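No value in this document is a laboratory result; all are computed from the given coordinates. Predicted, not measured: the structure shown is a model, and the values here were computed from it. Cβ atoms come from the backbone with ideal geometry, glycine included; neighbour counts cover every protein chain shown.
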Amino acid sequence: MPKFRTDQFGELQYQDGDVIHLPDGLVGMPSLQNWLIMEMGDDTPLKWFQSLDRSDFGFPLTQPYLYLDEFEVKLPQSARIRMRNQKDEDIAILIITTVHPGGTMVTGNLLAPLVIDTETRRGVQFTQEDGKYSLRQEINYLKFGLAVKSDSADNTDSEGLASSSEDPSLVEAEATQTVEVS
């Protein structure tokens, strides 16, 4: 079983099937292509996205419903090809999240979502061109609080991706998310 030492979490054990591969890396960071999604605890709807290419780099992820009731992604056909995506139901949309100092504000990058195929475990991050979404969309604190405190319908509708280890997981897209291929 492969191991990887992170600056924040120490040594992680994972299986090759747990790795999320971003062929183009992240926007502005093309060399960061291999990632793990880790649980941050049962009491939070956040996941941790840990780079396997850089031990000191990772950030929280959340689902779009914690920001907006409806969220559309206009997925370019070229992105679908890079992910080797065959079915819309295999697509998960995750939002790169920033918890500001002191936890006083939580924002998400809805302008450039992370889109992952749950079957191929390949993903892309791309910038949506329509200008409809914000780079720093503030989270819906009521929904976030409900997701933390209870097993609300929004919190329990997602399923973990079949994974061979305990820590890494990937949540599937909520029903209110729309993926359009352009």
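Things worth noting here:
- Projecting label points 7 angstrom from Cα along Cα→Cβ for Glu129 and Met29 puts them 2.6 nm apart.
- Counted charge near Val124, where neighbours are those whose Cβ lies closer than 14 Å (Asp, Glu -1; Lys, Arg +1): +3
- Ordering of 70-76, 109-115, 2-8 by packing [mean C-beta count within 10 Å, highest first]: 109-115, 70-76, 2-8
- What the phi angles of the range 137-148 give under the Karplus curve with 6.51, -1.76 and 1.60, with θ = phi - 60°, is a coupling list of 6, 6, 5, 7, 5, 5, 4, 4, x, 5, 5, 6 Hz, glycine and proline written as x.
- Cβ-Cβ FRET estimate between Tyr141 and Met40, R0 fixed at 25 Å, reported to 0.05: 0.90
- The label point for Val99 and the one for Glu70, both projected 7 Å from the Cα toward the Cβ, are 3.2 nm apart.
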